[in-house]
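Engineer: Please find one structure pasted underneath; my questions will follow.
The values are calculated or read from the model by the stated rules, or taken from the named source; none is laboratory data. None of these values were measured; they are calculated from a predicted model. As a convention, Cβ positions derive from the backbone with ideal geometry for all residues, glycine included, and neighbour counts pool all protein chains shown. We work out accessible area using only protein heavy atoms, side chains counted, and drop any ligands, DNA or RNA first. Shrake-Rupley method; radii C 1.70, N 1.55, O 1.52, S 1.80 Å.
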Amino acid sequence: MSRQQTFHEVPVIDVGALVVPDPDPQALDETVRRIGDACRDVGFLYVRNHGLPDGLSERMMAQTRAFFDLPIEEKMKLRLGQTSQFRGYIPMLAEVTATKRDYHECLDLQPLSGRDAETIAAAKLARQGRHPLDDPDQWPAALPEFRPVMMEAWSALTRLGEQLAAGMALSLGLDAGFFQKYAGDELCDLRLSHYPPFQPDRSLDDVEFGMGAHVDYGFLAIVQQDGVDGLEVRNPDGEWVNAPHIPGTLLVNIGLMMQRWTNDRYTATWHRVRFPGGRHRYSMPFFFEPAFDAVIAPVPECCGTDDPPRYEPVQFGTWVVEQFSTAYDNKEDQA
C-alpha cells in the first residue's frame, strides 16, 4: 500500500495526548488517526504541545551558533575522521549526497557521558570494535555550557521519540510499545547543522544545495530549525513544498526503516535544503533509531494476501553503517 494523495503543505498535529500521563481516550484516538494520515500521505508532520521543556530549543540553538562560530582550529579538534567513528565535526564540503558536495558543516553527537560511570563502562565494553557509530565522547572545551545543554536535549528528545513511536505504533493497529522492543540509543544521533550564505566559485561547480535531495536511512527524525527557510519536501507530483520553522512546533519525518517496517504503507519522503540566500541557517535534527542488532521486517499488520512482504529482514546497524560509508569525503584539502 503506497501513498494515496499529493500534498501542498505539511500538517500540524497537536500531540499533547501522547505526552500526558492519562490522556482523554477520544483525544488520543484523534491524534493517532492524524499521525497515521500524515505518515501515509506526507511522511512529514509538525507536532505542537510536544512536551519539550520551555526554553530548551533556544538554549540549544544558542550553543549551536556558538560552536560554529568557533575558530576552525577548535572545531577540527572534533573532526570526523580523527577516530574511526562516523561521529564528530564534518567541515564544509566534506559531506556528499548523490555525488554532489553539500554546502554545510555539521557536528554529529552520540554521547555516552552524563550517565553514571558503571553504565558508561558497560556500554563502551559492549560496543568495542562493533561499529563506527559511537561518539568518542568529544566536546568543545571552549564552550562549558555546551555539554550540559546537549545532554538535557538528548534525554528530552529521546523521551519524545518514544512517545511519537508509540503513536505511530497505535496508528498501525500495533501495541503502543511495539517499537520500544527494538529501541537502543547507540545509533541515535543529535546533529547540529550550519548552512552559511553561499558564495559561488568555480571550485564549487559540483555544489547545488545546502544538502542535496535524500531520504533518511532510519526510523524517525525530530527537527528543530531557525527562522531561515531552506528545507523543502517533495510531494508525489514532484513539486518541492516549503517546510519552514513554525513557532511552537517541531518537525518530524519518517525514514526508510519505517517504510520497511510498514511494507510501504508509510513512505520515507525525499527532502533537501536550499541555499539560505545571504543569511546563515541552523538546524538541529535528532535521529531516533533502532538498536544496532534490531532486525527490521514488514509487520504482519501491514501485509496480506494481495500485499505480501516487499522486504527481506535486515539488521539495522549493519545496513546503516554501509550507507554511512559512502556519505563522506574526508580529503584533507576539502577541510
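Engineer: Which label belongs to the value computed from this structure, given these candidates for log10 I(q)/I(0) by the Debye sum over Cα atoms at q = 0.10, 0.13, 0.14, 0.15 Å⁻¹: (1) -0.67, -0.97, -1.06, -1.15; (2) -0.82, -1.09, -1.14, -1.18; (3) -0.58, -1.02, -1.20, -1.40?
Structural biologist: From the options (1) -0.67, -0.97, -1.06, -1.15; (2) -0.82, -1.09, -1.14, -1.18; (3) -0.58, -1.02, -1.20, -1.40, the structure gives (3).
Engineer: Stretched out fully, how many nm does the piece from VAL12 to LYS181 gain, at 0.36 nm a residue minus the Cα gap? Spell out each step's value before the answer.
Structural biologist: Working: separation 169, 0.36 × 169 = 60.84 nm, distance 2.81 nm.
My answer for the length gained is 58.0 nm.
Engineer: For TRP319 and ASN49, compute 0.36 nm times the residue count separating them, minus their Cα-Cα distance, and round to one decimal in nm.
Structural biologist: Values: separation 270, 0.36 × 270 = 97.20 nm, distance 3.41 nm.
Here the segment from TRP319 to ASN49 would lengthen by 93.8 nm.
Engineer: Using only DSSP helix segments of four residues or longer, with each worth -39500 (n - 2.57), what per-residue ellipticity at 222 nm results for the chain after dividing by its residue count and rounding to 500?
Structural biologist: -8500 deg cm²/dmol
Engineer: Would you please give the FRET efficiency between ASP307 and GLU30, computed as 1/(1 + (r/R0)^6) with r the Cβ-Cβ distance and R0 = 25 Å, to the nearest 0.05?
Structural biologist: It comes out at approximately 0.40.
Engineer: Between GLY43, GLY161, GLY55, which gets the highest mean-square fluctuation from a Gaussian network model of the chain, Cα cutoff 10 Å?
Structural biologist: So, out of GLY43, GLY161, GLY55, the one fluctuating most is GLY55.
Engineer: Provide the net charge surrounding VAL223, with neighbours chosen by a C-beta distance below 12 Å and charges set as Lys +1, Arg +1, Asp -1, Glu -1.
Structural biologist: Around VAL223, the surrounding residues sum to -1.
Engineer: Arrange the peptides 300-308, 12-20 so that the one whose residues have, on average, the most other Cβ atoms within 10 Å appears first.
Structural biologist: Values: 300-308: 11.6, 12-20: 19.6.
So the peptides 300-308, 12-20, ranked by packing, come out 12-20, 300-308.
Engineer: Further, regarding this structure: When the chain is modelled as a GNM with alpha-carbon springs shorter than 10 Å, which of GLN63, GLN323, GLN110 fluctuates the most?
Structural biologist: Maximum among the listed residues: GLN323.
Engineer: For region 12-329, which whole-number percentage of the solvent-accessible area (1.4 Å probe, protein heavy atoms only) is attributable to carbon and sulfur atoms? Please list the in-between numbers first.
Structural biologist: Details: 6850 of 13270 Å².
About 52 percent, which is the carbon plus sulfur part of the accessible surface.
Engineer: Among GLU74, GLU30, GLU105, GLU322, what's the order by accessible area (1.4 angstrom probe), most exposed first? Each step should come with its number before you reach the end.
Structural biologist: Details: GLU74 60, GLU30 80, GLU105 10, GLU322 110 Å².
Solvent-accessible surface, decreasing: GLU322, GLU30, GLU74, GLU105.
Engineer: Please report, for the Cα atoms of region 196-335, the Rg to one decimal and the Dmax as a whole number; what are they, in angstrom?
Structural biologist: Over region 196-335's Cα set, Rg and Dmax evaluate to 17.6, 56 Å.
Engineer: Pulled fully out, how much extra length does the chain show between GLN5 and ASN242, if you take 0.36 nm times their separation in residues and subtract their Cα-Cα distance?
Structural biologist: So the chain would gain 83.6 nm between GLN5 and ASN242.
Engineer: Something else about it: Is there a quick way to get the dipole size of the chain? I mean about its Cα centre, with the Cβ of Lys and Arg at +1 and of Asp and Glu at -1; what is the value in debye to the nearest 20?
Structural biologist: Details: 31 positive and 50 negative charges, 66 e Å.
I would put it at about 320 debye.
Engineer: Counting heavy atoms of the protein chains only and a 1.4 Å probe, report the per residue accessible area for region 12-329 as a whole number of Å². Please list the in-between numbers first.
Structural biologist: Values: 13270 Å² over 318 residues.
On a per-residue basis, region 12-329 sits at 42 Å².
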